[in-house]
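Engineer: This is the structure I want to talk about, given as structure tokens.
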Amino acid sequence: MSKKVVLGFSGGLDTTYCVKYLTEEKGYEVHSVIVNTGGFSDEELKQIEKHALKLGVKSHKTVNAVKSYYDSIIKFLIFGNVLKNNTYPLSVSAERLSQALHIADHAKELKADAVAHGSTGAGNDQVRFDMTFHIMIPGVEIITPIRDLKLSREEEIAYLESKGVEMNFAKAMYSINKGLWGTSVGGKETLSSKGMLPEEAWPTQVTKTASEEVKLGFEKGELKQVNDEVFHHPSDAIQYLQAIAGPYGIGRDIHVGDTIIGIKGRVGFEAAAPMVILKAHHALEKHVLTKWQLNWKDQLAQFYGNWLHEGQILDPVMRDIEAFLENSQRNVTGDVFVQLNPYRFQVIGIESKFDLMNSKFGKYGEMNTGFTGQDVRGFSRIFGNQTMMYHLVKTDNENR
């Protein structure tokens, strides 16, 4: 009897190779599962299922994880204004963890002998998947054909062509990962330290040229309204904003980062909605939070983003930080106004009942109304008192 293996399947080149290799070369009974963390239409999901079945899988399952992905991960990336290396919104880093958890659940359901993924041996995903599987389904064999065989994309294409597999191999020259929190794009241009992806490699083409203003409505840190559209769940608001901002080419960039395994890597990404939301949310926070709330949020969020990037979403310290981040959002309610233009955007300002930039307390650089000049004179003396003592003692000892 054939061994049963659950394969995380996206329908791309790597996982297509895995199906043919595992069924025809290794004799496994392959059960594919795609975890939709956003970015796939219903029609695309149907085509992926059709593709999997045509390749020879025993069964195929589609998991709709968009809302749970937001609730368990994306929400906290927004609360923390998380950008890896001040650039990357953790588009793939975050979704891989959600996918790994659902794949592990499916392996449990089917009582599979093994679980497989299409990660290479040079990136972060292999660690994220392997570590999650070791924690969630200990003892289940992990199979990684692309990593173990050290295959190039050209070798994968040649193998699949020899098997009569039909797919768009020209498009397959670029590795594209779609998700609610952005889309990553890898290709020959990102394999070296210099090079930009060509226009045709970006999944969303630039079709908008006229400037446009959008209003983003936040409630306790979560995006609930875009212009006049109100949404029951923030994931729907994110997708709605992406449809507006994506055609401007906003959020395109190349991220250079340190991988979990210690090498440097480059990857292209487009994340119009995430970049606009993060900057808008941060602008609102700067108006409604105190300086020490902002300070500690920045420190904890940087650790949270780095630890999540390295696959450690199951570490209990992450729940502790999430509790802090969620509590910090109780006054992060209001509207943020953003101007969209081709390839760029600008935050115009905010309106909030919790705005601490309030004329009742004074106008920066102009006048004070909540205190007097004498108050400031005394405060300035006391605030620098110990430092003054230090310098006086230092000078006395130097002059002896």
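The values are calculated or read from the model by the stated rules, or taken from the named source; none is laboratory data. Just so we're clear, the structure is a prediction, and the values are computed from it rather than from any experiment. All Cβ positions, glycine included, derive from the backbone under ideal geometry; neighbour counts span all protein chains shown. Side chains are part of the model used for accessible areas, which takes the heavy atoms of the whole protein and leaves out ligands, DNA and RNA. Shrake-Rupley method; radii C 1.70, N 1.55, O 1.52, S 1.80 Å.
Engineer: For segment 112-146, give me each residue that is part of a loop (DSSP other than H, G, I, E, B), more than 18 Å from VAL57 (Cβ to Cβ) and in contact (Cβ under 8 Å) with a residue 12 or more places away in the chain.
Structural biologist: Within segment 112-146, SER119, THR120, GLY121, ALA122, GLY123, ASN124, ILE137, VAL140 meet the criteria.
Engineer: Let me ask something else. When segment 120-136 is examined, which residues are found to be at pLDDT below 95 and either under 14 Å from VAL267 (Cβ atoms) or more than 18 Å from the chain's Cα centre (by Cα) (or both)?
Structural biologist: Residues satisfying the conditions are THR120, GLY121, ALA122, GLY123, ASN124, ASP125.
Engineer: Just to be sure, is HIS309 crowded, with 20+ Cβ neighbours inside 10 Å and either touching a strand residue (DSSP E or B) at 6+ places or on another chain (Cβ under 9 Å) or at positive phi (or both)?
Structural biologist: Judged against the criteria, HIS309 is a match.
So that you can scan it fast, the table gives a plain yes or no per residue for (1) out of contact with any strand residue (DSSP E or B) (no Cβ under 6 Å at 6 or more places or on another chain); (2) open to solvent by less than 40 Å² (accessible area, probe 1.4 Å); (3) β-branched (Val, Ile, Thr); (4) within 28 Å of THR204 (Cα to Cα):
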position	(1), (2), (3), (4)
LYS111	yes, no, no, no
GLY121	yes, no, no, no
ARG128	yes, yes, no, yes
ASN168	yes, no, no, yes
LYS178	yes, no, no, yes
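Engineer: If I filter segment 102-111 for residues that are outside any loop (DSSP other than H, G, I, E, B) and within 13 Å of the chain's Cα centre (by Cα), do I get at least one hit?
Structural biologist: No, segment 102-111 contains no residue that is outside any loop (DSSP other than H, G, I, E, B) and within 13 Å of the chain's Cα centre (by Cα).
Engineer: Report, by residue number, each residue of segment 266-295 that is crowded, with 21+ Cβ neighbours inside 10 Å and under 16 Å from the mean Cα position of the chain (by Cα).
Structural biologist: VAL267, GLY268, PHE269, GLU270, ALA271, ALA272, ALA273, PRO274, MET275, VAL276, ILE277, HIS281, listed by residue number.
Engineer: Please go through segment 1-30 and give me each residue that is assigned to a helix (DSSP H, G or I) and not aromatic (Phe, Trp, Tyr), ordered by number.
Structural biologist: Scanning segment 1-30 gives LEU13, ASP14, THR15, THR16, CYS18, VAL19, LYS20, LEU22, THR23, GLU24, GLU25.
Engineer: Next up: Every residue in segment 31-56 that is without any contact (Cβ under 8 Å) to a residue 60 or more places away in the chain, outside any helix (DSSP H, G or I) and not polar (S, T, N, Q), please.
Structural biologist: ILE34, GLY56, listed by residue number.
Engineer: Within segment 155-191, how many residues turn out to be part of a loop (DSSP other than H, G, I, E, B) and over 23 Å from the mean Cα position of the chain (by Cα)?
Structural biologist: 8
Engineer: Here's a follow-up. Given the options VAL82, VAL92, name the one that is surrounded by 18 or more Cβ atoms within 10 Å (Cβ to Cβ), outside any helix (DSSP H, G or I) and within 10 Å of the chain's Cα centre (by Cα).
Structural biologist: Within the list VAL82, VAL92, the selection yields VAL82.
Engineer: Continuing with the same structure: Answer yes or no as to whether TYR28 is open to solvent by less than 20 Å² (accessible area, probe 1.4 Å) and either modelled with pLDDT under 95 or more than 24 Å from MET173 (Cα to Cα) (or both).
Structural biologist: Considered against the rule, which asks whether it is open to solvent by less than 20 Å² (accessible area, probe 1.4 Å) and either modelled with pLDDT under 95 or more than 24 Å from MET173 (Cα to Cα) (or both), TYR28 comes out as no.
Engineer: Follow-up. Quickly run through segment 1-25 and pick out the residues that are open to solvent by 40 Å² or more (accessible area, probe 1.4 Å) and either under 22 Å from the mean Cα position of the chain (by Cα) or of a type outside the set (Ser, Thr, Tyr) (or both).
Structural biologist: MET1, LYS3, LYS4, SER10, GLU24, GLU25
Engineer: From the residues in segment 56-74 that are closer than 20 Å to PRO234 by Cβ and of a type outside the set (Ser, Thr, Tyr), which one is surrounded by the most Cβ atoms within 10 Å (Cβ to Cβ)?
Structural biologist: Filtering first and then ranking leaves ILE74.
Engineer: Let me ask another. Collect the residues in segment 222-254 that are among the aromatic types (Phe, Trp, Tyr), open to solvent by 20 Å² or more (accessible area, probe 1.4 Å) and either in contact with a helix residue (DSSP H, G or I) (Cβ under 7 Å, 6 or more places away or on another chain) or closer than 19 Å to VAL185 by Cα (or both), keeping them in residue-number order.
Structural biologist: PHE231
Engineer: State the number of residues belonging to segment 348-400 that are surrounded by 10 or more Cβ atoms within 10 Å (Cβ to Cβ), outside any helix (DSSP H, G or I) and either aliphatic (A, V, I, L, M) or modelled with pLDDT of 90 or more (or both).
Structural biologist: Looking only at that region, the number is 10.
Engineer: Within segment 200-221, can you find the residues that are in contact with a helix residue (DSSP H, G or I) (Cβ under 8 Å, 6 or more places away or on another chain), open to solvent by 10 Å² or more (accessible area, probe 1.4 Å) and outside any strand (DSSP E or B)?
Structural biologist: Scanning segment 200-221 gives THR204, GLN205, VAL206, THR207, LYS208.
Engineer: Related question: Taking the conditions exactly as written (over 22 Å from HIS281 (Cβ atoms) and either in contact with a helix residue (DSSP H, G or I) (Cβ under 6 Å, 6 or more places away or on another chain) or open to solvent by 20 Å² or more (accessible area, probe 1.4 Å) (or both)), does GLU189 satisfy them or not?
Structural biologist: yes
Engineer: Further question: Please give the number of the condition ALA172 fails out of (1) modelled with pLDDT of 90 or more; (2) of a type in the set (A, V, I, L, M, F, W, C); (3) crowded, with 17+ Cβ neighbours inside 10 Å.
Structural biologist: For ALA172, the exception is condition (1).
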